[in-house]
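Colleague: What follows is a single structure, and I will ask about it in a moment.
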Amino acid sequence: QVRLVESGGGLVQPGGSLRLSCAASGIIFSRYAMRWYRQAPGKERELVAVITSDGNTNYADSVKGRFTISRDNAKNTSYLQLNSLKAEDTAVYYCNAWSGNVYWGQGTQVTVSS
């Protein structure tokens, strides 16, 4: 059974930081590209960041320079470091594992508010 479990979300003030984690089980993690998406209320889900199986990364323009995606294959975990957070970063953040098959986590809420 494949499971992706996100954690690390919460309430943070503008300019603050959070570190999201996505723990995977039931897959050969090192073979999967990991992607983080987010969905704000009333908006479509958008791709935020990608890290390939060999460690290459790519980011949406809206988060470039502020967010960092990484992975630890020994821990079967992907991370998304969120810095310099803005109110418009408020959303549910989802991780996604892709290698032909696609798997999703349940999401973690990030709220940026003073």
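The values are calculated or read from the model by the stated rules, or taken from the named source; none is laboratory data. This structure is a prediction, so every number in the text was calculated from the model and none was measured. Cβ coordinates were reconstructed from backbone atoms using ideal geometry, including for glycine residues, and neighbour counts include every protein chain displayed. Side chains included, ligands, DNA and RNA excluded: accessible areas come from the protein's heavy atoms. Shrake-Rupley method; radii C 1.70, N 1.55, O 1.52, S 1.80 Å.
Colleague: Only one residue in LYS86, LYS43, LYS75 is more than 19 Å from GLY8 (Cα to Cα) and open to solvent by 40 Å² or more (accessible area, probe 1.4 Å), so which one is that?
Modeller: Criteria check complete, one pass: LYS43.
Colleague: Just name the residue that is farthest from GLY26 (Cα to Cα) out of those in segment 95-114 that are crowded, with 21+ Cβ neighbours inside 10 Å and of a type outside the set (Val, Ile, Thr).
Modeller: Residue satisfying both the conditions and the ranking: CYS95.
Colleague: Among the candidates ASN58, ASN101, ASN83, ASN96, single out the residue that is modelled with pLDDT of 95 or more, closer than 20 Å to GLN1 by Cβ and not basic (Lys, Arg).
Modeller: After applying the criteria, what remains is ASN96.
Colleague: Hey, another quick one. Give, as residue ranges, the strands (runs of 3 or more DSSP E) completely inside segment 1-68 that count at least 3 residues that are closer than 19 Å to GLY107 by Cβ and touching a residue at least 12 places away in the same chain (Cβ under 8 Å).
Modeller: Answer list for segment 1-68: 3-7, 10-12, 18-25, 33-39, 46-51.
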